[in-house]
Amino acid sequence: DAGFRAASGRRTGFNTMSLIVRFARLLLLAAVLAGCASAPHRPLEPATPVPTATPHPIHLPADDAPHDDLTEWWYYTGHLDADGGQAYGFEMVIFQVERQGAPIFYAAHFAITDHQRREFHYAQRTWTADRAPATFDLRNGDWGMTGEGSFDALKATMPGYAIDLKVSPTKPPTFHGNDGVISFGPVGDSYYYSDTRLAVQGIVTDHGAARPVRGIAWKDRQWGNFLSVGGGGWDWFSVQLADGTDLMLFLLRGNLGEVSPAYGTLVSADGKASVLDPGAAKVAVTGQWTSPHDGAIYPSGWTIDLPGQAMRLALQPVLRDQELNTRASTGQIYWEGEVTIDGQHDGRPATGQGYVELTGYAK
């Protein structure tokens, strides 16, 4: 298993948070960074992360373009409703890895949660390039992510499904850490921001039927000179409530099974982001699911309590089986799935949608 080990260089109350926010996505790249046997490139010599000596403010949209750093990704999850009443969840991510003296390596995942068929499908790709594009314009055949000014365009296909979507931010971006820079100590530094609520419109092609869709999505954007090795895993939660509130929570599991307190960021309906104190949110597992593919036992169903925000939420997977075996691209097996949400917030009923990511459970 890939895992996470890092140390923070900040001396504020955020330094613990900086260990475990969404940047742990890089664990999916551990096998790539070591040189995947299945990847279409030769194994690479170990790289040494170079700290970000002079961090600069994040400038958007310019910083959506690729950088000359070791590790980088563009990560989208979302919820789509078709005109005919059909519903879908989707995940699309592109990872970029640069290593001195080797072609730039890309790995991409695309997944669909089909509510009607009660099915989950995914695909993965890898490719290399001599140089990264100068703008946010990442393409491989009929897959692509591009910045188009006021929106990002996402396109991907697999047997039975395709997406052609435009996603537009409805809130200011949430910059994590120190104005968008987080320190991993000896393993490097990273720039990191999220668009926690994107308006989506476009087309889902479902077994040949092109269906107009609308919905909401979440985007994570990260880049920097950082690496990660170790063991363990993490549980990550994104919550988008109907009242406009967004929430990210994260729990880290160590080599011996120890679990960190929950950490995260709460974003109000008007876009104001607040870092939660460690342990302010309590996450409890309410069920489990055993993968028929590899025998991994995952949590399946959760409650989230934030007493300080008068919030209590119950999360249930849309489908229990939303596991991806991406050993052919990132060397990992992980669960990333769409969830439905209901509960209470500020004394009123709360409903919403979200995504949960679970790593380190499949051995």
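The values are calculated or read from the model by the stated rules, or taken from the named source; none is laboratory data. Because the structure is a prediction, the values reported are computed rather than measured. Positions of Cβ are generated from backbone atoms using ideal geometry, with glycine treated the same way; all protein chains shown enter the neighbour counts. In case anyone asks, the SASA skips ligands and DNA or RNA and just uses the protein heavy atoms, side chains included. Shrake-Rupley method; radii C 1.70, N 1.55, O 1.52, S 1.80 Å.
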- Task: List, in order, the whole-Hz ³J(HN,Hα) value for each residue of the range 304-314 obtained from phi through the Karplus relation with A = 6.51, B = -1.76, C = 1.60 and θ = phi - 60°; use x for Gly and Pro.
- Result: 10, 10, 10, x, x, 10, 6, 10, 9, 10, 10
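Leaving out ligands and nucleic acids, note down the accessible area per residue over the range 241-363 with a 1.4 angstrom probe, in whole Å². Numbers along the way, then the final one.
Working: 5150 Å² over 123 residues.
Accessible area per residue, the range 241-363: 42 Å².
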- Task: Would you mind checking which residues have amide H under 5 Å from Ala65's amide H? H placed 1.01 Å from N; only 5 or more apart, or other chain.
- Result: Phe136
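Please compute one quarter of the surface area of the Cα convex hull for the range 267-347 and express it in square nanometres. Could the numbers behind the result be given before it?
Numbers: hull surface 28.9 nm².
Mean shadow area of the hull around the Cα atoms is 7.2 nm².
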- Amide H contacts of Ala296 (H built 1.01 Å from N, under 5 Å, at least 5 apart or other chain): Ser291
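What whole-number volume per residue, in cubic angstrom, does the convex hull of the C-alpha atoms of the range 109-162 give? Before the final figure, lay out each step's value.
Working: hull volume 4.5 nm³, N = 54.
In the range 109-162, the Cα convex hull volume per residue is 84 Å³.
From largest to smallest, what semi-axes in whole angstrom does the range 306-352 give when each is the square root of 5 times an eigenvalue of its alpha carbon gyration tensor? Don't jump to the answer; show the numbers that get you there.
Details: eigenvalues 209, 27, 7 Å².
Taking √(5λ) for each eigenvalue gives 32, 12, 6 Å, largest first.
Rounded to the nearest 20 debye, what is the charge dipole size of the range 212-363 about its Cα centre when +1 sits on each Lys and Arg Cβ and -1 on each Asp and Glu Cβ?
Numbers: 11 positive and 16 negative charges, 29 e Å.
For the range 212-363, the charge dipole is close to 140 debye.
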